[in-house]
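Let me begin by presenting the structure, written as structure tokens, before commenting on it.
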Amino acid sequence: MQALQLDDAARRELVDPFGRGITYLRVSVTDRCDFRCIYCMSENMSFLPKAEVLTLEELDRLCSAFIARGVRKLRFTGGEPLVRRGIMTLVESLSRHLHSGQLDELTLTTNGSQLGKYAEAIKAAGVRRINVSLDTLDAEKFRTITRWGSLDQVLAGIAAAQAAGLKIKINTVALKGVNDDEFPRLIEWAHGRGMDLTLIEVMPLGEIGEGRLEQYLPLSIVRARLAERYRIEDIDYRTGGPARYVRVAETGGRLGFITPMTHNFCESCNRVRITCTGTLYMCLGQEDAADLRKPLRASEANDLLLAAIDEAIGRKPKGHDFIIDRRHQRPTLARHMSVTGG
């Protein structure tokens, strides 16, 4: 894969209208997934035609342009990133920015289903830690939540990743009436294996065939319940994302909370997201977006691309507008989480 070369004039940092430096880029490399999680996708999804999806070379060029503009952390998402054909070619190519010192971290979020196959290659490419989405340790419930997934396969993938030397953080979406009785078990399981765990409020994105009110569980309530069982202490620990962490005294492990609904984290937002079609979303909770595929494909030079990136960051809003529509039982935004990339 040909490396993108940028001159010094291209190397200036991205700062939004509110003075926030944009240092974290999340890139969806595919809209496809081998699961159909009930809070993320409908069971019968329609996927994008191949011509609309950026090639691996285009993704490399796009990511490299952002890195030249000051992005220090790059995360691959999906869909499920490890089902993208040739994904390791992209990971290995972009690892050059780790070696040059321009990039601090290259990582990914995965459902774990393909980790048994890719864990060693991921570690060899310079990835130090990954996030694995896991909402239950009950095999039957896991099948219900994911519709298609195998818990045994995911647990085997996590074991393979740890054996390869990858640090793992478990991401768990809090679903009322589904897994809210499992949080202590998940905490003790993760911490007992040296893994952090982060709880995430369900976000109102996309029609998924389930009522948002039925799924939504405020993490303020979850934390209060956990505090009756554990000694919880706020700690000053950050990973570059929106999670706020506590330490659980009884386990010694870290527990994160991501709360887009009950307490947004917009004031310190350093993130933007790119879909697999090259659409840049400056905010997960807003519809405003910029088409980067058009300037990317319009010229082999990067002037048009960099100008489009700069213009888009100049429109980054102060915060999102996530709400649960209690009157109409519909999501705030029509697009699915799997399209935006989390």
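Please enumerate the residues belonging to the stretch 233-253 that are surrounded by fewer than 16 Cβ atoms within 10 Å (Cβ to Cβ) and either in contact with a helix residue (DSSP H, G or I) (Cβ under 7 Å, 6 or more places away or on another chain) or not basic (Lys, Arg) (or both). Within the stretch 233-253, 233, 234, 235, 236, 237, 240, 249, 250, 252 meet the criteria. Filtered by the rule that a residue be buried (at least 16 other Cβ atoms within 10 Å of the Cβ) and over 12 Å from residue 60 (Cβ atoms), the stretch 89-101 gives a lone residue, 98. Taking the criterion of being among the aromatic types (Phe, Trp, Tyr) and assigned to a loop (DSSP other than H, G, I, E, B), the only residue of the stretch 20-38 that qualifies is 35. Taking the conditions exactly as written (under 19 Å from residue 130 (Cα atoms), in a helix (DSSP H, G or I) and touching a residue at least 40 places away in the same chain (Cβ under 8 Å)), does residue 93 satisfy them or not? It is true that residue 93 is under 19 Å from residue 130 (Cα atoms), in a helix (DSSP H, G or I) and touching a residue at least 40 places away in the same chain (Cβ under 8 Å).
When residues in the stretch 124-154 are screened for being surrounded by fewer than 21 Cβ atoms within 10 Å (Cβ to Cβ) and more than 26 Å from residue 44 (Cα to Cα), 5 of them pass.
Tallying residues that are in contact (Cβ under 8 Å) with a residue 24 or more places away in the chain and in a loop (DSSP other than H, G, I, E, B) within the stretch 231-249 yields 5. In the set 256, 194, 278, only one residue is of a type outside the set (A, V, I, L, M, F, W, C), buried (at least 21 other Cβ atoms within 10 Å of the Cβ), modelled with pLDDT of 95 or more and on the phi > 0 side of the Ramachandran plot; that residue is 278. For the stretch 4-16, does any single residue satisfy the condition of being on the phi < 0 side of the Ramachandran plot, surrounded by fewer than 19 Cβ atoms within 10 Å (Cβ to Cβ), at pLDDT 95 or above and not in a helix (DSSP H, G or I)? Yes - at least one qualifying residue is present in the stretch 4-16.
Within the stretch 165-196, the set of residues being over 27 Å from residue 126 (Cα atoms) and small (Gly, Ala, Ser) comprises 174, 177. Cβ-Cβ below 9 Å, separation at least six or inter-chain, first residue in the stretch 41-56 and small (Gly, Ala, Ser), second at pLDDT 75 or above and surrounded by 16 or more Cβ atoms within 10 Å (Cβ to Cβ): which pairs? Hits for this filter: 42/36.
Any residue at all in the stretch 281-300 that's more than 28 Å from residue 57 (Cβ to Cβ), under 22 Å from the mean Cα position of the chain (by Cα) and without any contact (Cβ under 8 Å) to a residue 12 or more places away in the chain? Checked the stretch 281-300: no residue is more than 28 Å from residue 57 (Cβ to Cβ), under 22 Å from the mean Cα position of the chain (by Cα) and without any contact (Cβ under 8 Å) to a residue 12 or more places away in the chain.
When 112, 165 are checked against the criterion of being in contact (Cβ under 8 Å) with a residue 12 or more places away in the chain, small (Gly, Ala, Ser) and buried (at least 18 other Cβ atoms within 10 Å of the Cβ), 112 stands alone in meeting it.
If the condition is being over 18 Å from the mean Cα position of the chain (by Cα), outside any helix (DSSP H, G or I) and surrounded by fewer than 20 Cβ atoms within 10 Å (Cβ to Cβ), then the stretch 39-85 contributes 42, 43, 44, 45, 46, 47, 48, 49, 55, 70, 85.
The values are calculated or read from the model by the stated rules, or taken from the named source; none is laboratory data. Everything quoted here is computed from the prediction, not taken from an experiment. Heads up, the Cβs are rebuilt from the backbone with ideal geometry, glycines too, and the neighbour counts pull from every protein chain shown.
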